[in-house]
Structures are given as C-alpha cells and as structure tokens.
1. Helix 182-192 versus the longest principal axis of the chain: what is the Cα-based angle in degrees, 0 to 90, to the nearest 10?
2. Convert each backbone phi in the range 89-99 into a coupling constant with the Karplus relation 6.51 cos²θ - 1.76 cosθ + 1.60 (shift: θ = phi - 60°), then list the ³J(HN,Hα) values in order as whole Hz, x for Gly and Pro.
3. Per residue, how much accessible surface does the range 182-235 expose to a 1.4 Å probe? Answer in Å², no decimals.
4. Could you tell me the relative contact order of the range 18-120? Use alpha-carbon pairs under 8 Å, at least six residues apart, and round to a whole percent.
5. Run the accessible area of the range 137-195 with a 1.4 Å probe and give the carbon-and-sulfur part as a rounded percent.
6. Could you state the accessible area per residue of the range 50-165 in Å², with a 1.4 Å probe and every protein chain left in place?
7. Please name which of 124, 102, 17 has its Cα lying farthest along the dipole of the range 1-160 towards the positive end, using unit charges on Cβ (Lys, Arg +1; Asp, Glu -1) and the Cα centre as origin.
8. For the range 89-154, what is the charge dipole size about the Cα centre, in debye to the nearest 20, if Lys and Arg each add +1 at the Cβ and Asp and Glu each add -1 at the Cβ?
Amino acid sequence: MATPHISAEPGDFAPAVLMPGDPKRAARIAEQLLDEPRLVSDVRGIGGYTGLHQGKPLSVMASGMGQPSLSIYATELFTQFGVERIIRVGTAGGLAADTKAGDVVIAIGAHTDSSINEKLCPGINFSATASWALLSAAVKAAGDDPRVKVGPVVSRDLFYGNTPEQVKRLAELGTLGVEMEAAALYGIAANLHKEALAVLTISDHLFDSSQDMSPAERETNFQKSLELAVAAALS
C-alpha cells in the first residue's frame, strides 16, 4: 500500500532500484534505460519509474538531497515495496590527488560526520560499507578502466562550512570523494538485511576548481557510472 512519501502499490517497484538524488535525473535515466517506463509514484515531485532493461525489471527513483531525505525513501522502498537492492547513482566532489573530474568512484564504504547511523549499535562506530555482491559486480563491469576508482567516500551533512583541515585529513586517509547520501543508504541496508551500493561521478575537485563541471555537465556526464550501476543492479 502507499506510504506518506510513495504513492505506489505492492509490485509497482522492481527488486532493484537506481537512485539518483535529482528528480530530473531520475526521469532522464528512466527514459534512457527502461522500455516503456511507467510512472508508479509522484509525491512531492519525487518520481518513481518502473520498466524493463534488456528484459529484466528495473526501477528508478530519486532520493532528494541529503541523508535524511534518502533515508525516508530507501526505508519505505525496502520495507513496504519488496525492493532488495538500491544503487545510488550520483555525483561527488573529488578529494584524492589522483581522482579527477569525470572519474567514477565505486564507494566501498562511507565515512560520515552525521549521527544518522549511531542508533544502529550504541557504543560502536558503525562501519558503513557496500554490499559485496553489488560492489564486486560493478568492479567486474569496470574492467581495467583507469578512470574508475574503488575506495571510501565521506557522506557529509553540511554542503558548506566544513573545515579545510578536516577535508585535507580525509584526503590523506585515502578518501576519494565527498557526497551526502551513501553512509545512510549503507546503514539502512545493513539494518534491514538488504543490499546497497553507491557509484559516483566526480563532478569537481575540492583542491582544484579548474576541473569543476558546469551545472549542465553535472546533469549529463554520468554515463559510465550509470553503466556500472546497472551492471550491479541486474547482476
């Protein structure tokens, strides 16, 4: 049955959902990937679409921006609509020196400055990691492409106001990029015994602004990440 944030019915969503943050990007992905995509939910401008990709059922739904927003949609999809795996397809800011704009990061895990996962196991600093089956499928699909990186990201609550010293230290610790959703998605999936992965296009670099993509490029330059996300979703 419908939830406060999703107006679909049982069976409307496929077991695998691709989840960008931007509702417009979700619509564009659905049009590109799905045969005869069907709009199954449209609450608060967050569209959910279901169709077939190469004969297999697949859904696409936006998460909105930030971990609280994603948590609402991911939890309802996992608990009310039979979804088994969610693959976030989004953008990230580059941190590592060898990560450039246009690269794709397959996020093996996600640090966070949020308290969103603290209640999962009080007294423990929960390690928010991707599902191995999805991670390995995406890595296999990437082959030896040098622009695909595998490593940790950091999921921030704040877009502005983070200290330069902390950003620098995260880079020194091997963090490939910064975004705002993956840690919550990984925590929800672990708690509900589901699967999750984030595949992210580097849209800019925090230490080299000359690499920054334009707003139009941010909306369109995600073909490689989408390819890897689909490989994981339908593996």
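1. It works out to around 50 degrees.
2. Values per residue, Gly and Pro as x: 10, x, 10, 8, x, x, 10, 5, 4, 8, 9 Hz.
3. So the range 182-235 comes to 40 Å² accessible per residue, rounded to a whole number.
4. Over the range 18-120, the number comes to 26 percent.
5. 58 percent
6. That works out to 48 Å² for each residue.
7. Working it through, the farthest residue towards the positive pole turns out to be 102.
8. Value, rounded to 20: 100 debye.
The values are calculated or read from the model by the stated rules, or taken from the named source; none is laboratory data. Computed from a predicted structure; not experimentally measured. Ideal geometry is used to build each Cβ from the backbone, glycine not excepted, and the neighbour counts take in all protein chains shown. These accessible areas exclude ligands, DNA and RNA; they are computed on the full protein's heavy atoms, side chains included. Shrake-Rupley method; radii C 1.70, N 1.55, O 1.52, S 1.80 Å.
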